[in-house]
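Have a look at the structure below before the remarks.
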Amino acid sequence: MVTINSSIVLIALPDIFRGIGINPLAPGNTTILLWMMMGFMVVTAVLVVSFGRLGDMFGRVRMFNMGFAIFSLFSVLLSVSWLQGTGAGWYLIIMRILQGIGGAMLFANSSAILTDAFPANQRGMALGLNQVAGIAGSFLGLVLGGVLGPVDWRWVFLVSVPFGILGTVWSYLKLRELGVRKPAKLDLGGNLTFAAGLIAVLVGITYGIQPYGSHVMGWTSPLVISLIGGGLVVLAIFCWIETRVAEPMFRLSLFRIRAFTAGNLASLLSSLGRGGLMFILIIWLQGIYLPIHGYSFEDTPLWAGIAMLPLTIGFLLAGPVSGYLSDRFGARPFATGGMLLAALSFGLLEMLPVDFTYWQFAAILLLNGIGMGLFASPNRAGIMNSLPADQRGVGAGMSATFQNSAMVLSIGIFFSLIILGLSSSLPSHLYNGLTAQGVPVADATRLSHLPPTAVMFAALLGYNPIRMLLGSALTKLPAQSAAYLTGHSFFPSLISGPFQTGLQIAFDFSIVACLIAAVASLLRGKRYVHDELHGEAVLATAGDVTPADIASVAIAADLIEAEADVAAEAAAQPRVAVAEEIEDAERGHASPQPATRFRRER
């Protein structure tokens, strides 16, 4: 539900802006466009660690239930805007940010709840289904946005409401606490410095995409430099604070666990490699391929979502299977192989011409989806299996922060690379193309000096900007020239050459990121499960356990033993299960304190 909502807006943006009466390509409205796309991702990236830590302290199910309710409430409020123009745009941005608070609660605690509920030999399948559902939802949202947006932009937000209400009621009725809760003081200094630092960095990236003065992008802007530099300084202060407080929000000690560190590094690099892929594919399809093949610009959002379905199918096919197999053989072979397969698919995409044959494009997208599906499920299971029971919430939040922050950073990188490609040759292409059709030199010069960002956003939104940009100048042209300039072929053919230059650079970046992610995944070691009931627990179904493996687990086991008193008390607290399982336990079919008994025997 959350990931569908995050991507459905991307495709439906043209309908939303038409509905509230905003021209997103006007210079003053670029900020609204960017925050409408990225505000939700920024707030989820910032808050998932805090909500994961709160889940460890006060109950993961409680935070999960609250997240459902908040998400549903603001889904309704997003659809009831009575404003028009810029005011409506900022209203939607604020509601999206507040909706992202609910999304962060769900992101932070869902993986920890599943890890609590399933034994180690079934977590790969469970987490795989959860991970694949989330990633597939981000692509299914593209189709729903193309279908619902033209009907009424409000349906884009209302479609989440029934599922949100159903999820809220079901989770309150059925879910119970199964995990180990550890009451602790809130790390106020850590929370504040982490939020301030990460917000500054992500906001700086968002504004870095926009033009600044005579520059095509804003990376040299004093504001952007100050935000990113200051944010990094504050994050360094945050790391210092976390090494000094008794109950830190961000458990830096978890990075001593090799499986946790390698898995998160691989996840971060994977997100960097694929985070901007969706935007690039949408620009490619809506701005170039579909118009060239006769689709009207107004219809391209829907058909772009349909054209990318092979990517979703690949995720759905590979995710559950790889999750199931990783329960038996460990995460390393599947996660590493998935990244290598993804790198191969990016190389094949780079070899395609801009006006490709669709079945070849679809086959490569299917291959990319299979590669990402092979990686996502085992990698998530490997990360969650490596965590102590009382730190699964904060560990899942840390992992989600790396992933979501990398997605925002990836969008900034991909956009920057495409803009660099466009800026190198687009002005001359645009000037020559316009003057060849009789456009006055003054108008052609003015348009050719527009920042490439406007052209890229036009392609992203499925707009034909020529009619909008030329305005009254079209009436001075012969009818045939005006029809050609505003037709299906002029704008796509104009940007296809410069776009392909940026596309190749972006895919090269993705290949490198995926290959490094494969190396990080390879270094994670053999299958490792930090089982709270069995101290030094390494399940070596994939091979023999080495002394180094046992030693690494012993370090984590010592952390648990140091907290034995708290864990013994926590074992008597209720754990996550459905209501029927609780009733069986109360009838005497389950031992109420296995962890306590085990520690007493030791």
- Enumeration of residues in the range 482-508 that are small (Gly, Ala, Ser) and either farther than 28 Å from Ser271 by Cβ or open to solvent by 10 Å² or more (accessible area, probe 1.4 Å) (or both): Ala482, Ala483, Gly487, Ser489, Ser493, Ser496, Gly497
- Query: What are the pairs, 6+ residues apart or on separate chains, where a residue within the range 9-31 that is in the same structural domain as Thr86 (by the TED database) and under 15 Å from Gly85 (Cβ atoms) has its Cβ under 6 Å from a residue that is of a type outside the set (Gly, Ala, Ser) and open to solvent by 30 Å² or more (accessible area, probe 1.4 Å)?
  - Reply: Ile20/Gln84; Gly21/Gln84
- Task: Can you run down the residue pairs with Cβ atoms below 9 Å, 6 or more apart or on separate chains, where the first is in the range 53-66 and assigned by the TED database to the domain that holds Ala195 and the partner is among the β-branched types (Val, Ile, Thr) and surrounded by 24 or more Cβ atoms within 10 Å (Cβ to Cβ)?
- Result: none
- Quick one: which helices (runs of 4 or more DSSP H) lie wholly within the range 222-299 and hold at least 3 residues that are open to solvent by 60 Å² or more (accessible area, probe 1.4 Å)? 222-242
- Message: I'd like the full set of residues that are within 23 Å of Leu47 (Cα to Cα) and surrounded by fewer than 24 Cβ atoms within 10 Å (Cβ to Cβ), limited to the range 361-388.
- Response: Pro388
- Item | Filter result for the condition that a residue is of a type in the set (Lys, Arg) and over 20 Å from Trp153 (Cα atoms), over Arg18, Arg62 | Arg62
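Scanning for something farther than 30 Å from Gly421 by Cα and touching a Gly at 6+ places or on another chain (Cβ under 9 Å), does the range 271-280 turn up at least one residue? It would help to see each step written out before you state the result.
Keep residues of the range 271-280 that are farther than 30 Å from Gly421 by Cα, which gives none.
Among the residues of the range 271-280, not one is farther than 30 Å from Gly421 by Cα and touching a Gly at 6+ places or on another chain (Cβ under 9 Å), which makes the answer no.
Collect the residues in the range 464-493 that are of a type in the set (Ser, Thr, Tyr) and either in contact (Cβ under 8 Å) with a residue 40 or more places away in the chain or assigned by the TED database to the domain that holds Pro24 (or both), keeping them in residue-number order.
Residues of the range 464-493 of a type in the set (Ser, Thr, Tyr): 472, 475, 481, 484, 486, 489, 493.
Result: Ser481, Tyr484, Ser489, Ser493.
Being closer than 30 Å to Leu422 by Cβ and either touching a residue at least 60 places away in the same chain (Cβ under 8 Å) or among the basic types (Lys, Arg) (or both) is the requirement here; does Pro222 meet it?
For Pro222, the condition - closer than 30 Å to Leu422 by Cβ and either touching a residue at least 60 places away in the same chain (Cβ under 8 Å) or among the basic types (Lys, Arg) (or both) - is not met.
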- Note on the structure: Over the range 445-454, the set of residues under 25 Å from the mean Cα position of the chain (by Cα) and either within 14 Å of Thr486 (Cβ to Cβ) or of a type in the set (A, V, I, L, M, F, W, C) (or both) is Ala454
- Item | Test result for Ser138, modelled with pLDDT of 85 or more and not assigned by the TED database to the domain that holds Leu198 | no
- Message: I'd like to check which helices (runs of 4 or more DSSP H) are fully inside the range 343-456 and have at least 3 residues that are touching a residue at least 24 places away in the same chain (Cβ under 8 Å) and in contact with a Gly (Cβ under 9 Å, 6 or more places away or on another chain).
- Response: 358-385, 392-436
- Note on the structure: Note on the range 92-129: residues modelled with pLDDT under 75, within 20 Å of the chain's Cα centre (by Cα) and open to solvent by 40 Å² or more (accessible area, probe 1.4 Å) are Leu129
- Task: Among the residues of the range 25-70, count how many are among the aromatic types (Phe, Trp, Tyr) and more than 16 Å from the chain's Cα centre (by Cα).
- Result: 4
- Out of the range 187-221, which residues are assigned to a helix (DSSP H, G or I), crowded, with 19+ Cβ neighbours inside 10 Å and out of contact with any helix residue (DSSP H, G or I) (no Cβ under 6 Å at 6 or more places or on another chain)? none
- Qualifying residue in the range 203-218 (condition: out of contact with any Asp or Glu (no Cβ under 7 Å at 6 or more places or on another chain) and modelled with pLDDT of 90 or more): no
- Which of the residues that make up the range 300-341 are under 24 Å from Leu140 (Cα atoms), in contact with a Phe, Trp or Tyr (Cβ under 7 Å, 6 or more places away or on another chain) and open to solvent by less than 10 Å² (accessible area, probe 1.4 Å)? Met308, Leu311, Thr312, Ser322, Ala335, Gly338, Met339
- Query: Restricting to the range 2-24, what's the tally of residues that are among the aliphatic types (A, V, I, L, M) and open to solvent by less than 10 Å² (accessible area, probe 1.4 Å)?
  - Reply: 7
- Do we have Ile419 as touching a Leu at 6+ places or on another chain (Cβ under 9 Å), open to solvent by less than 50 Å² (accessible area, probe 1.4 Å) and β-branched (Val, Ile, Thr) here? no
- Looking only at the range 509-543, which residues are modelled with pLDDT of 85 or more, open to solvent by less than 70 Å² (accessible area, probe 1.4 Å) and of a type outside the set (Gly, Ala, Ser)? Phe509, Ile511, Cys514
- Please find, within the range 78-91, the residue that is most open to solvent (accessible area, probe 1.4 Å) out of those that are closer than 14 Å to Pro24 by Cα and in contact (Cβ under 8 Å) with a residue 12 or more places away in the chain. Gln84
- Message: Condition first: more than 16 Å from Asn23 (Cα to Cα) and surrounded by fewer than 19 Cβ atoms within 10 Å (Cβ to Cβ). Now tell me which residues in the range 451-472 satisfy that.
- Response: Ser472
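The values are calculated or read from the model by the stated rules, or taken from the named source; none is laboratory data. Computed from a predicted model, the values in this text were never measured in an experiment. Don't worry about glycine lacking a Cβ; one is built from the backbone with ideal geometry, like all the others, and counts go over all protein chains shown. Accessible surface areas use protein heavy atoms only, side chains included; no ligands, DNA or RNA. Shrake-Rupley method; radii C 1.70, N 1.55, O 1.52, S 1.80 Å.
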